[in-house]
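The values are calculated or read from the model by the stated rules, or taken from the named source; none is laboratory data. For clarity, every value in this text was computed on a predicted model and none was experimentally measured. Neighbour counts are summed over all protein chains in view; Cβ atoms, including those assigned to glycine, are modelled from backbone coordinates with ideal geometry.
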Amino acid sequence: MSVPYSDYAWSSTGVGTLRRWCLAVTKQRYDREGNTSGHEGQKSTVPSRRVIPSPAQPWPTTGAQKVKLGVLIIGSLYWDDKPHRDKWRRGRLCVDAQQYVKAPIRYGRLSRSRGCSYTMVFSASLSEEQFGQAIVVPFKSNDLISEAEFLWIAERSPDSRPNDRISADWGCVALVENQDRPISDKLREAWTKRVSRERCYGQSMNSASGEKVAVDRSGFLNIPWPRSTDGSELGFNALIATATNPTIVGGSYPSAQQIANAWNTHEDREHVDYFLNNKKHGIKTFQDVEIEECLRDHDDC
């Protein structure tokens, strides 16, 4: 005879009554269908392995992927002291666990907010010998979509309002995946679905002649998985980064002389602090030595 649910109906004890009903049904099923142990009709002494969780507890999540997520930082996002960026770093990142990595970066975007001087970009055409040094920092959470949206807020100007986006014509948030520790198909699909919500994601990205664009239309960064500079393991499943749109003229990136001249033309070189702060914090490119030579003697550049 089955145990009617009405005998254990919801009351002020709520979860407790439903749990007792579940246990009663489980016991009754076991008594009726008990396992045999080689002798017909003889009930096994081994209890049933079936478990009915209490409604007060979540269903088991064994097997769910534990994602380790980080941000790949180049440029002022790391050192800029504007309040919205400082808040992002303190609230979202485990800064003490940062690592330096090799990455294909260069100066290549003409930035209006920095007096039409150049800022850093990812470049898919660089050889490994030309890779610069960037910084990887773990996130405190493993929520890929949320962290991408928070990153985009940090990348925008301080007076900008949240706009539920992760891209614009000047750049976008992109993902690079560790092929040795790949993310799940479900998470990858969630990322591409989020990217598909963007208007014209990556469609305005420039590239030099013969070079792949830095970001594909699915939201992935076209660079190799970064390697730590000290040989330690980079134990992430995926990294996100902001890829900005490079300024390409005649199919080419600006030369070191053009980059230095863009800073030299401003009174007191007011925007050269971008270059100096990058170097100070260990963010470097293969162009740095030549740029410094032009800055020291800019009359010859």
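For residue 223, the criteria (1) loosely packed, with under 13 Cβ neighbours inside 10 Å; (2) within 17 Å of the chain's Cα centre (by Cα); (3) in a loop (DSSP other than H, G, I, E, B) hold in every case but one, which is (1). Annotation: of all residues in segment 207-220 being of a type in the set (A, V, I, L, M) and touching a Pro at 6+ places or on another chain (Cβ under 8 Å), the one that is surrounded by the most Cβ atoms within 10 Å (Cβ to Cβ) is 214. Screening segment 262-292 for residues that are touching a Ser or Thr at 6+ places or on another chain (Cβ under 9 Å) and polar (S, T, N, Q) and picking the one that is nearest to residue 228 (Cα to Cα) gives 278.
Here is a check on your reading of the model: is residue 277 surrounded by 18 or more Cβ atoms within 10 Å (Cβ to Cβ), in contact (Cβ under 8 Å) with a residue 24 or more places away in the chain, closer than 28 Å to residue 150 by Cβ and touching an Asp or Glu at 6+ places or on another chain (Cβ under 9 Å)? Considered against the rule, which asks whether it is surrounded by 18 or more Cβ atoms within 10 Å (Cβ to Cβ), in contact (Cβ under 8 Å) with a residue 24 or more places away in the chain, closer than 28 Å to residue 150 by Cβ and touching an Asp or Glu at 6+ places or on another chain (Cβ under 9 Å), residue 277 comes out as no. Taking segment 75-193 as the region of interest, the strands (runs of 3 or more DSSP E) fully inside it that hold 3 or more residues being closer than 16 Å to residue 225 by Cβ are 99-103, 132-138, 171-177.
Inside segment 277-295, residues that are more than 21 Å from residue 265 (Cβ to Cβ) and in contact with a strand residue (DSSP E or B) (Cβ under 7 Å, 6 or more places away or on another chain) make up a count of 4. Within segment 160-179, residues that are aromatic (Phe, Trp, Tyr) sit with their Cβ atoms under 7 Å from residues that are in a strand (DSSP E or B), at 6+ positions apart or across chains, in these pairs: 170/244. Number of residues in segment 183-220 that are closer than 28 Å to residue 127 by Cα and over 16 Å from the mean Cα position of the chain (by Cα) equals 14.
Among residues of segment 246-260 that are part of a helix (DSSP H, G or I) and among the hydrophobic types (A, V, I, L, M, F, W, C), those with a Cβ under 7 angstrom from a residue that is modelled with pLDDT of 95 or more and surrounded by fewer than 18 Cβ atoms within 10 Å (Cβ to Cβ), sequence gap 6+ or separate chain, pair up as 256/290.
The residues listed here are 151, 126; of these, the one that is among the aliphatic types (A, V, I, L, M), out of contact with any Gly (no Cβ under 6 Å at 6 or more places or on another chain) and under 14 Å from residue 73 (Cα atoms) is 151. Of the residues screened, residue 234 is one that is surrounded by fewer than 22 Cβ atoms within 10 Å (Cβ to Cβ) and assigned to a loop (DSSP other than H, G, I, E, B). Taking residue 235 as the residue in question, decide whether it is at pLDDT below 95 and either outside the structural domain of residue 129 (by TED's automatic domain parsing) or within 26 Å of residue 175 (Cβ to Cβ) (or both). Spelling it out, residue 235 is indeed at pLDDT below 95 and either outside the structural domain of residue 129 (by TED's automatic domain parsing) or within 26 Å of residue 175 (Cβ to Cβ) (or both). Entry remark, segment 140-155: residues being under 16 Å from residue 198 (Cα atoms) and without any contact (Cβ under 8 Å) to a residue 60 or more places away in the chain number 3 in total.
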